[in-house]
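For reference, the structure is listed below as structure tokens.
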Amino acid sequence: MQIPDALVDEMLKAKRVAALTGAGISAESGIPTFRGAGGLWEGYPVEKVATVEGFAEDPALVWRFYDERRVNMRNARPNLAHKILAELEKHYDMWVITQNIDGLHREAGSKNVIELHGNIWRVKCTLCDYHGENRETPLSEIPPKCPKCGALLRPDVVWFGEPVNGVEKAFRIAKESDVFFSIGTSALVHPAASLPFIAKDYGATVVEINPQRTPVSVIADFIIREKATVALDALFRELYKHKK
Ligand code: OAD
Ligand code: ZN
């Protein structure tokens, strides 16, 4: 595939680069996306498994849903797209703002990561201040209990209706970016989906990488209708030619 020369030029000039990522970037690591046929939300009422109210009503059901996802994710490894974004930290003031909870950006080596929707490998207590990592798959106890106080643990992820993590920082990064990528997200869930629009308003070059059209397509300066690995590999090879 061909990367437009004008995009390569923008990348060669850029200092601050950011990427908003969604489930599509982890699809090639074998993790299902949310929307569309066979998507994760199909068959699961979102209000039951991804809200505080749903958890209060049936914590075991919610934990079975997350336990199943954790089991499906446990062998997933970062793919070339995660790795290239991590590599870009060597060349740019680079930030990854992700909606994914799989932890694959950090595993790929990215340091500057904002996990807007939390992390499925972390748990927190519903009562005390306990929070920590938990990688047991499958869980031996459902629902799991707090090792400190014995109350219910919950996944350290953001549910619908809850505030997202690091939102102010994410908005600041969007405003300050020279190039802003939107990669593998349907750009439907706010506030994450607002970030490419904010970046554009503040003068960034907006690049969409997604095989499908999204609301970001309307404002994107460049659109690459390819899988994330293919698009980022092609882009990185072009930049490498210029030794950036
Ligand atoms: P979606 O499932 O809504 O969208 C995935 C996007 O990835 C679609 O636009 C696909 O076209 C695209 N895609 C699929 N394969 C791809 C590939 N190989 N390379 C690039 N793009 C590809 O997932 P998100 O946009 O991440 O929130 O969903 C956002 C949020 O909605 C999630 O974080 C989750 C969900 O409800 C919460 O749980 C709070
Ligand atoms: Zn506790």
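Go through 110-117, 135-142 and give me the packing order, highest mean Cβ count within 10 Å leading. Please report the intermediate quantities before stating the final value.
Details: 110-117: 19.8, 135-142: 11.9.
Per-residue Cβ counts within 10 Å, averaged per peptide and sorted highest first, yield 110-117, 135-142.
If you take the beta carbon distance between Asp93 and Leu188 as r and set R0 to 41 Å, what does 1/(1 + (r/R0)^6) give as a FRET efficiency, to the nearest 0.05? List each step's numbers first, then the result.
Working: r = 28 Å, r/R0 = 0.69.
Once the sixth-power term is evaluated, E becomes 0.90.
On a C-alpha basis, how far is the centre of the range 171-232 from the centre of the range 129-164 in Å? Whole number, if you could?
32
Please give the net charge around Ile31, taking every other residue with its beta carbon less than 10 angstrom from that of Ile31, where Lys and Arg add +1 and Asp and Glu add -1. Let's see the in-between values first.
On the way: positive: Arg69; negative: Glu28, Asp102.
In short, -1.
Is it possible to state the helix-based mean residue ellipticity at 222 nm for the chain, with each DSSP H run of 4+ residues giving -39500 (n - 2.57), the sum divided by total residues, to the nearest 500 deg cm²/dmol? What is it?
Details: 10 runs with 82 residues, N = 244.
Computed ellipticity for the chain at 222 nm equals -9000 deg cm²/dmol.
What is the sum of charges around Glu10, taking Lys and Arg as +1, Asp and Glu as -1, for the other residues whose C-beta is under 9 Å from the C-beta of Glu10? Before the final figure, lay out each step's value.
On the way: positive: Lys13; negative: Asp9, Asp178, Asp221.
Taking every other residue near Glu10 into account, the sum is -2.
Can you list the lysines whose alpha carbon is less than 24 Å from that of Lys148, not counting same-chain residues fewer than 8 positions off?
Lys148 reaches Lys124.
I'd like the Karplus ³J(HN,Hα) series for the range 193-206: coefficients 6.51, -1.76, 1.60, θ = phi - 60°, whole numbers in Hz, and an x wherever there's a Gly or Pro.
Residue by residue, the range 193-206 yields 5, 6, 4, x, 6, 5, 4, 4, 4, 8, x, 6, 7, 9 Hz.
State, to one decimal in nm, how far the label point of Lys48 lies from the label point of Val167, with both points 7 Å from Cα in the Cβ direction.
2.8
Can you spot the lysines whose alpha carbon is less than 28 Å from Lys175's alpha carbon? Ignore those fewer than 8 places along the same chain.
Lys13, Lys15, Lys83, Lys90, Lys111, Lys200, Lys227, Lys243, Lys244
Work out how much length Ser217 to Asp58 would gain on full extension: take 0.36 nm times their residue separation and subtract the Cα-Cα distance, in nm to one decimal. Provide the component values of the computation, followed by the final result.
On the way: separation 159, 0.36 × 159 = 57.24 nm, distance 3.90 nm.
Between Ser217 and Asp58, full extension yields 53.3 nm more.
Please compute the length gained on full extension between Ala76 and Val8, using 0.36 nm multiplied by the number of residues separating them and subtracting their Cα-Cα distance.
On the way: separation 68, 0.36 × 68 = 24.48 nm, distance 3.10 nm.
Gain on stretching Ala76 to Val8: 21.4 nm.
Based on the alpha-carbon gyration tensor of the range 96-244 and its eigenvalue square roots a ≥ b ≥ c, which shape applies: rounded if a/c is under 1.5, prolate if not and a/b is larger than b/c, or oblate? Working shown, then result.
On the way: a/c = 2.47, a/b = 1.95, b/c = 1.27.
The shape class here is prolate.
Values quoted throughout were computed directly from the atomic coordinates according to the rules given, and no laboratory measurement underlies them. As the structure is a computational prediction, the values presented were derived from the model and not from experiment. Backbone-built Cβ (ideal geometry, glycine too); neighbour counts: all protein chains shown.
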